[in-house]
Amino acid sequence: MTSKVGLIVEGGGMRGAYTAGVLEAFLDHDIQFPYAVGVSAGANTICSYLSGQKLRNKRLYTKWITDKRFMNWRNMFTEGAYFGMNFLFNELPTQFDPFDMESFRKNATVFKVGITNCLTGKSEYREPKLASSLEEADRILQASSSLPFIAKMVVFDGVPYLDGGISDAIPIRQAEKDGFIYNVLILTRNTDYRKAPSKSLARASKYYFKRYPNLTDALSKRHQVYNDTLKYLNQLEQEGKVFIIRPHLPLEVDRYEKDQTKLTKLYNQGYQETLEQLPKLLEWIAQIS
């Protein structure tokens, strides 16, 4: 893989099953990148790809989803989050489906994860591979995946953080800032999708996060930032600077999907659609090189 091309991965909760299929196809065809940046579920899915653990992402989205500790409203009473954070970021990677931290660290790819600073409302980027332990790396990933209202803030050095998708759902600007003007993007929405404003979200955030005015501002502008980013990506695509892999049709799976059959189908869709685009992708990379 050319040293000029970065990888950018969007979040989207359980829509990440599509991303898991895409990255599995990359693993099967030994497609690697010198740089990767992701947020929320996208960042988590990158991890098993970088550790080279084939089919681990598939298991996470199609097997472990059936475990009630993965996603359940009862988790709100036991740990203050709809997604079982202790299960996902402690028990699962250490006991039930071990994550290969050694291989992850040995991978030469520079990997950054976007998180949202609740005090500033701005995105920040941290590198799990530079963490001192698996626990610290998992806290970075947990912060990036902590959705507002249904997860607790994750605190680093006295500063609270939430989901990276709040402030920068598709971190193309960060990749460019880090020197990568050519990038492959994995998105979890089809071409025609645009995010609509939510008055209820804006009202709820002003009440729930009244101590964090910059965070509420970021939440109220999230749809605008997202749609502006899509517009910018369209421009970059016309200029030949990005190669975008995304679902061909609107998804039947939402952020909180629990249907194992639907998630398996979405994983297979991501894998198959990537295979179909592989010749064009490799040709695009060759032209850059």
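Some points to look at:
- Elements of type helices (runs of 4 or more DSSP H) contained in segment 37-151, each with 2 or more residues being open to solvent by 60 Å² or more (accessible area, probe 1.4 Å): 56-62, 74-79, 101-106, 134-144
- Within segment 237-279, tally of residues that are open to solvent by less than 20 Å² (accessible area, probe 1.4 Å) and more than 27 Å from Asp28 (Cβ to Cβ): 0
- Against the test of being open to solvent by 50 Å² or more (accessible area, probe 1.4 Å) and either within 22 Å of Tyr18 (Cβ to Cβ) or not aromatic (Phe, Trp, Tyr) (or both), the options Asn234, Asn183 yield a single qualifying residue, Asn234.
- Qualifying residue in segment 78-89 (condition: at pLDDT 95 or above and among the acidic types (Asp, Glu)): no
- Matching residues in segment 35-63 - criterion: being under 16 Å from Ala25 (Cβ atoms) and among the aromatic types (Phe, Trp, Tyr): Tyr49, Tyr61
- Looking only at residues in segment 200-231 that are of a type in the set (Phe, Trp, Tyr) and under 17 Å from Lys122 (Cα atoms), the one that is most open to solvent (accessible area, probe 1.4 Å) is Tyr212.
- Pick from segment 1-36, criterion part of a helix (DSSP H, G or I) and among the small types (Gly, Ala, Ser), ranking: nearest to Arg255 (Cα to Cα): Gly13
- Checking segment 278-285 against the condition returns no match, with no residue being within 30 Å of Leu162 (Cα to Cα), in contact with a Lys or Arg (Cβ under 9 Å, 6 or more places away or on another chain) and either part of a helix (DSSP H, G or I) or β-branched (Val, Ile, Thr) (or both).
The values are calculated or read from the model by the stated rules, or taken from the named source; none is laboratory data. This is a predicted model, so every value here is computed, not measured. Here Cβ is always computed from backbone atoms with ideal geometry, including for glycine, and neighbour counts include all displayed protein chains. Surface accessibility is based on the protein's heavy atoms, side chains included, excluding ligands, DNA and RNA. Shrake-Rupley method; radii C 1.70, N 1.55, O 1.52, S 1.80 Å.
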